[in-house]
Every structure is written in structure tokens, then in C-alpha cells.
Amino acid sequence: MQTRITQLLERHGVTYRLLPHSEPVFTVEAAAAQRGVVAGEMVKSILLREKSGASRFVMACVLGHHALDAKAVRSYLGDDGWRRLTFASAAEITTVTGCVQGAVAPLCLPDSVPVVFDSAIAGCRMVNISSGDPLAGIELYPQDLIRLAGARLAAIAAKDLPPVGIGT
């Protein structure tokens, strides 16, 4: 299976393992089970947009067992005038990422979309992301993912909120 994500990894000589699913998955637990991996290594890629104003987008990523703290993402973005953030719609997700909701990866994004990873991602032995196709995931080293995504690391995982789905 070839996707824009796998093609990017191959162009950069990144070692990865393609993990096919027998059916599309939309939760961390289902994706981990289909891939035969630990749910704690799943990376949720969540596209946020400004609620009003310039309608800028940011890709925020947390590990599968964590919820995202959108206020922490906005605080991290800081002095660039970011307003309140909200989840992007399914149509916005497809337009901005080129992937359907549930198959979003933090790679191959427009240059105008900053990428922020929760700091805990860097501490994983391996991580799992979507391949850009709902029928497969990708396992790779977190250092490679962080480098290719151009991600900045910050404490953006919520401490007391329930987790949300993957690849939203």
C-alpha cells in the first residue's frame, strides 16, 4: 500500500512498518488491536482551527491514552495572536490534510499548519500513526516522526479530560 505518508517516509529513508487493518478503525483501542500494538504508543493527530478570525489551523498530537488540552496548545503558540481553538470539521480535515477524518497523520501538511506534539511522544520506544488510509497504520521511531513533522514539543496532554478518537 502506498500513500503520501509512506512515500514521504521512503523519500527520507525512514525505517517504518506498515500495519494493515482488516477494517477501518476510529478509536485508539480498535486501531491498537488491529495493528497488534500497545495503545500507549498510538499517536492521535488532532486538527484544530481558530474559532474565529483568521481561521488558522494547528495539528496537535498526543499519545492514545491522553486527551488533548486545546488551551495548552494555544498557550504554547503564544505571541502569534492565536485565538480560541476548536476541533476542525470533517470537511476542513479533508481539505487541510488530504486525509479523511480517522486517517489523519501529522505529516504532509501545508507549511502554514504548525505541528505541536505532547512531550511524552519523544519518550516512546516506537509510535504508531495513521498511514493516511483508514485501512493501515504505520509504526516508526518517534525521533523520525518528530523530525519529519517539524514538530515542536510541549506539555499539551490534558490531565483530567477523557480521551478523544484518533486521527480527527
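The values are calculated or read from the model by the stated rules, or taken from the named source; none is laboratory data. Bear in mind the structure is a predicted one, so any value in this text is a computation, not a measurement. Cβ sites come from the backbone with ideal geometry, for glycine too, and all protein chains shown count toward neighbours. Just so you know, the surface numbers come from the protein's heavy atoms only, side chains and all, with ligands and any DNA or RNA stripped out. Shrake-Rupley method; radii C 1.70, N 1.55, O 1.52, S 1.80 Å.
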Review point. Out of segment 102-119, which residues are closer than 14 Å to residue 46 by Cβ and crowded, with 21+ Cβ neighbours inside 10 Å?
Key: 103, 104, 105, 106, 109, 116, 117, 118
Revision key, fill the gap. Given (1) of a type outside the set (Asp, Glu); (2) open to solvent by 10 Å² or more (accessible area, probe 1.4 Å); (3) modelled with pLDDT under 95, residue 153 misses just (3)
Exercise for review: Kindly indicate whether any position in segment 56-66 is modelled with pLDDT under 90, open to solvent by 60 Å² or more (accessible area, probe 1.4 Å), touching a Leu at 6+ places or on another chain (Cβ under 7 Å) and not polar (S, T, N, Q).
Suggested key: no
Check your understanding: Taking segment 125-143 as the search range and keeping residues that are touching a residue at least 24 places away in the same chain (Cβ under 8 Å) and farther than 22 Å from residue 26 by Cα, which one is most open to solvent (accessible area, probe 1.4 Å)?
Key -> 125
**Study point:** Test: residue in segment 146-153 that is in contact (Cβ under 8 Å) with a residue 12 or more places away in the chain and more than 23 Å from residue 4 (Cα to Cα)
**Key:** yes
**Study point:** Residues satisfying the stated conditions in segment 1-59, i.e. under 16 Å from the mean Cα position of the chain (by Cα), over 17 Å from residue 100 (Cα atoms) and assigned to a helix (DSSP H, G or I)
**Key:** 8, 9, 29, 32, 39, 40, 41
**Study point:** Test result for residue 92, among the acidic types (Asp, Glu), buried (at least 17 other Cβ atoms within 10 Å of the Cβ) and not in a loop (DSSP other than H, G, I, E, B)
**Key:** no
Practice item. Could you please find all residues in segment 60-89 being outside any helix (DSSP H, G or I) and farther than 28 Å from residue 141 by Cβ? Key: 81, 82, 83, 84, 85, 86, 87, 89
Exercise for review: Output the number of residues of segment 120-159 satisfying the condition of being more than 18 Å from residue 40 (Cβ to Cβ) and assigned to a loop (DSSP other than H, G, I, E, B).
Suggested key: 7
Review point. Of the residues that make up segment 13-26, is at least one open to solvent by less than 60 Å² (accessible area, probe 1.4 Å) and among the small types (Gly, Ala, Ser)?
Key: no
Exercise for review: Could you check how many residues of segment 115-133 are over 12 Å from the mean Cα position of the chain (by Cα), farther than 14 Å from residue 93 by Cα and not polar (S, T, N, Q)?
Suggested key: 6
